[in-house]
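Below: one structure, written as structure tokens.
The values are calculated or read from the model by the stated rules, or taken from the named source; none is laboratory data. Owing to the predicted nature of the structure, the values given are computational and were not obtained by experimental measurement. Neighbour counts run over all protein chains shown; Cβ positions are idealised from the backbone, glycine included.
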């Protein structure tokens, strides 16, 4: 599912116009991004949590020529799904 599909599905389920639904989804994404940029954790009960974690520097390998390369440390977003999201059943 891409963003257009999400807008269409949510508009159909809520009865909102597609342009209003798109604006709501874009606002949600902006709020999530801004919150994560401040390194604050986001917890959505029944869905999961997002948080920024620091990924350590490491040595990788260029798949084209096999040369070792240094990959610098960086911050990444980690998502942990809620137990209610378990899809194994």
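Here are the numbers for the structure shown:
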{"read-out": "Those strands (runs of 3 or more DSSP E) lying entirely in region 39-89 with at least 2 residues under 25 Å from residue 28 (Cα atoms) and modelled with pLDDT of 95 or more", "value": "42-44, 48-55, 74-81"}
{"read-out": "Region 12-39, residues that are more than 23 Å from residue 76 (Cβ to Cβ) and exposed (fewer than 11 other Cβ atoms within 10 Å of the Cβ)", "value": "13, 15, 17, 19, 27"}
{"read-out": "Matching residues in region 1-11 - criterion: being within 22 Å of residue 81 (Cβ to Cβ) and surrounded by 13 or more Cβ atoms within 10 Å (Cβ to Cβ)", "value": "6, 10"}
{"read-out": "Pairs where the first residue, in region 62-78, is assigned by TED's automatic domain parsing to the domain that holds residue 33 and the second is in a strand (DSSP E or B), C-beta under 7 Å, 6+ apart", "value": "none"}
{"read-out": "Selection count, region 40-66, where residues are touching a strand residue (DSSP E or B) at 6+ places or on another chain (Cβ under 6 Å) and under 22 Å from residue 77 (Cβ atoms)", "value": "13"}
